[in-house]
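Report on one structure; see the data block that follows.
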């Protein structure tokens, strides 16, 4: 049986739309280039496909500038999918756009309902539990609803806290294998990963913490050579992908796909 934490047969992505220049961002670092995002997106999808996985490529959504970041709309588990309820009002409509695709893939699709809010970027599924980080986008009510659904499907869920000023929990961490987590020092120092093997990214390369383990590959943002070297020396097959434009919208490797 595949390990649900990093071994996948399918993924869902969505091509960026021209409206991406209106995407949300915590800090204005200039507008992303649509051409640059499309080129990086093609490289990303090709890497996923190279592992033998099927990639469902959805069309751009001009009405939703951030819709390329599909991970925030749902949580995909072996037993079913959970439609999220984003904490950013401008992103609420993305969930309804994603729902038909997930219902075609899963027999059991649940939903987070009002008043709770939760985004997929705050959820890390490990080999033993589901970690959910409280953040500006994910609140206690949303976490409580997800905990009930997870328990119904036989998963334990543990609430942790995202560092102040960090958008999502997975902005600062990612799963390398069932028991190994790549993390920023500011997050690992909180003690939330006690009992796991933790690999801290190199100082000054905190943005490298948002990576994904997808089957035999680890997809990392390019431009963080010390972290990439550390992962390679640890035995991981690293693929570096240009994240320059996504980073202007607080996006990273995990944000760009739903994996199941």
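Observations on the model:
- Just so you know, in segment 4-34 the residues that are within 15 Å of the chain's Cα centre (by Cα) and closer than 16 Å to residue 94 by Cβ include one that is surrounded by the most Cβ atoms within 10 Å (Cβ to Cβ), and it is 14.
- Single match in 160, 166, 132, 125 (criterion: within 19 Å of the chain's Cα centre (by Cα), within 30 Å of residue 232 (Cα to Cα) and modelled with pLDDT under 95): 166
- Residues of segment 119-129 that turn out to be touching a strand residue (DSSP E or B) at 6+ places or on another chain (Cβ under 6 Å) and within 19 Å of residue 70 (Cα to Cα), as a count: 4
- Residue 133 vs. criteria assigned to a helix (DSSP H, G or I), in contact with a helix residue (DSSP H, G or I) (Cβ under 7 Å, 6 or more places away or on another chain) and crowded, with 20+ Cβ neighbours inside 10 Å: no
- In the set (1) in contact with a helix residue (DSSP H, G or I) (Cβ under 7 Å, 6 or more places away or on another chain); (2) in contact (Cβ under 8 Å) with a residue 40 or more places away in the chain, residue 110 fails one condition alone, (2).
- Sole exception among (1) over 18 Å from the mean Cα position of the chain (by Cα); (2) closer than 25 Å to residue 260 by Cα; (3) surrounded by 15 or more Cβ atoms within 10 Å (Cβ to Cβ) for residue 219, by number: (1)
- Test: residue 74 is closer than 19 Å to residue 6 by Cβ, buried (at least 17 other Cβ atoms within 10 Å of the Cβ) and under 15 Å from the mean Cα position of the chain (by Cα): yes
- Residues that are part of a loop (DSSP other than H, G, I, E, B) and surrounded by fewer than 22 Cβ atoms within 10 Å (Cβ to Cβ), drawn from segment 111-130: 113, 114, 115, 116, 126, 127, 128, 129
The values are calculated or read from the model by the stated rules, or taken from the named source; none is laboratory data. These figures come from a predicted structure and were not determined experimentally. Here the Cβ is made from the backbone with ideal geometry for all residues, glycine too, and neighbour counts use every protein chain on show.
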